[in-house]
Structures are given as C-alpha cells and as structure tokens.
Amino acid sequence: MNGPLTAALLAALVLIPAGSAGAAPSAAKELVFPAPSRPVAAVVSPGWGDPEQRDRDRELQEIIRRLGLRSGMAVADIGAGEGYDSLRLARALGPAGRVYAEDINADFLRRLGDEAKRRRLANVTLVLGRPADPLLPSAAVDAAILVHMYHEISQPYALLYHLASAIRPGGLVGVEELDRPTGSHGTPPKLLVCEFQAVGYTLVNRADLPGHLGYFAVFRPPAPQHLPAPEAIVPCRE
C-alpha cells in the first residue's frame, strides 16, 4: 500500500465503537476523569527495544502463554506503534483470529498497515484511538495488551475505564513494563497495580519476563456495570 490511505484502510483506521442503540459520542454526556499524579513519558518512538532481541527473549510466546491466547481469538494491541506485537499476533491467532492494532498516531498506523499488507495479513484492523479512549467496539476482544507504553498514556484512568467495555466476559488485560519511574519510560509494579485497581481491575498475577523484557502483569477488567464513577477514582502516587 503506497501513497494515500485507501478507502478500505481509512474505514478500518477510524473505527467507531459498536453499539446497538447508544447515543452518538458527541451527544453522550462527557465523563471527567482525574489526571495521573505522576509524570507521563513522552512518545519518542513507534517501537520499543531491538526486535531481534525481543524475538530471542520469546516475547510473543510469553504473552500468548500468560494470557492463554489461542487461534481464533481477538486481541487488542493498545499503543501498537509500528506493530511488532500486532504483526506477530496476527500470524499466531490465524485467519479466524483478529488483531485490533490501536494507536493515537495515524502515521504509525499507516506504516503498520503497509507492513500488514506486505505480509498478506488480512486479520489486522487498524484503530485510530484517542488518549482517553481506544475507541474499540464493545465486547470485541478476548484480551488486550499494553506493551512498554503504559507510562506514555496521558489519561490512564479514562483509557482503562473505556477499555473495560471492549473486553469480553472472562477476558484479560496484559501489561509489559520495566520497573522504573514513569518519567524514565517504565512503571513501578505497585503503581501499575494501584492505577488499575482504582478503575476496578483485579490483579490476576505478575511475574518477571525472561531476558530484557521487564515484567508482565495480568488483570481482569470489571464488568461495565461495576466500573466506578469517574469522580470516585482516586489517583495513585508514584
């Protein structure tokens, strides 16, 4: 895919959350969420680390194992960038599976779309999200991953709130991070758990990953009806 976005890609890129009879986003009451009480790292690259080293450390295999992913599942890659995980997951999930590659940077997604087409991966859907909302369809995915990007989310409580509605019952959210301050492009585990729990998520497990990958935390999101009121969310301190 060269040059401007094709109409088909544009349709996939600007993905509006599915709903049966809900009000349009512009007509819905705007929710107000607290800001994080810690630094937010700047986005400096569409990818993290060395792809060959990540392959040697078996990152994808660890993600699949720890989230129990199987062929035919649907997975959202939040902050997909140029698609290291999205492209590999698309192969692993098979033609019946689906990867929602989400990012707030349209240029990153264009590059990802180019590579997906080059690799003949028809099961990758590009999603242009917002800092506060990944704009995924309701109950669309079996799992979501946030790989070395959580520290760059400027509105984490809002994003986690909206992400919960995209996860199917029994689904999980996996976060891969380095144990260091958010301003240094990592997230201390206790802070990560605190922020997820503030939005009603439950920690399932957390363990170090092999090699240079950091740690991986798995959370179960709350059912939409059990999400806290935005004004009741208390920001965590680093």
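Every read-out reported here was derived from the displayed coordinates using simple, explicitly stated rules and does not represent laboratory data. These numbers come from a predicted model, not from an experiment. Please note: Cβ atoms are built from the backbone with ideal geometry, for glycine as well, and neighbour counts cover all protein chains shown.
What are the residues in region 34-46 that are closer than 18 Å to T187 by Cβ and either part of a loop (DSSP other than H, G, I, E, B) or under 17 Å from the mean Cα position of the chain (by Cα) (or both), if any? Write out each step before concluding.
Step one: of region 34-46, the residues closer than 18 Å to T187 by Cβ are 34-45.
Matches in region 34-46: P34, A35, P36, R38, P39, V40, A41, A42, V43, V44, S45.
Condition check ((1) in contact with a Phe, Trp or Tyr (Cβ under 8 Å, 6 or more places away or on another chain); (2) buried (at least 22 other Cβ atoms within 10 Å of the Cβ); (3) within 26 Å of G49 (Cβ to Cβ)) across all residues:
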{"site": "L67", "(1), (2), (3)": "no, no, yes"}
{"site": "M73", "(1), (2), (3)": "no, yes, yes"}
{"site": "A80", "(1), (2), (3)": "yes, yes, yes"}
{"site": "Y84", "(1), (2), (3)": "yes, yes, yes"}
{"site": "A106", "(1), (2), (3)": "no, no, yes"}
{"site": "A122", "(1), (2), (3)": "no, no, no"}
{"site": "L128", "(1), (2), (3)": "no, no, yes"}
{"site": "D133", "(1), (2), (3)": "no, no, no"}
{"site": "S154", "(1), (2), (3)": "no, no, yes"}
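So, in region 172-196, exactly how many residues are within 14 Å of G214 (Cα to Cα), small (G, A, S) and more than 18 Å from the chain's Cα centre (by Cα)?
The qualifying residues number 1.
Would you check if A223 is surrounded by fewer than 17 Cβ atoms within 10 Å (Cβ to Cβ) and either out of contact with any His (no Cβ under 9 Å at 6 or more places or on another chain) or under 25 Å from I64 (Cα atoms) (or both)? Break it down stepwise before answering.
Working: surrounded by fewer than 17 Cβ atoms within 10 Å (Cβ to Cβ): yes; either out of contact with any His (no Cβ under 9 Å at 6 or more places or on another chain) or under 25 Å from I64 (Cα atoms) (or both): yes.
Considered against the rule, which asks whether it is surrounded by fewer than 17 Cβ atoms within 10 Å (Cβ to Cβ) and either out of contact with any His (no Cβ under 9 Å at 6 or more places or on another chain) or under 25 Å from I64 (Cα atoms) (or both), A223 comes out as yes.
Could you grab me the full set of residues in region 189-213 that are over 27 Å from L31 (Cβ atoms) and either surrounded by 19 or more Cβ atoms within 10 Å (Cβ to Cβ) or not charged (D, E, K, R) (or both)?
Residues satisfying the conditions are P189, N205, A207, L209, P210, G211, H212, L213.
Considering each of L209, L136, L213 in turn, give the residue that is in contact (Cβ under 8 Å) with a residue 60 or more places away in the chain and closer than 18 Å to V99 by Cα.
Unique residue meeting the criteria: L136.
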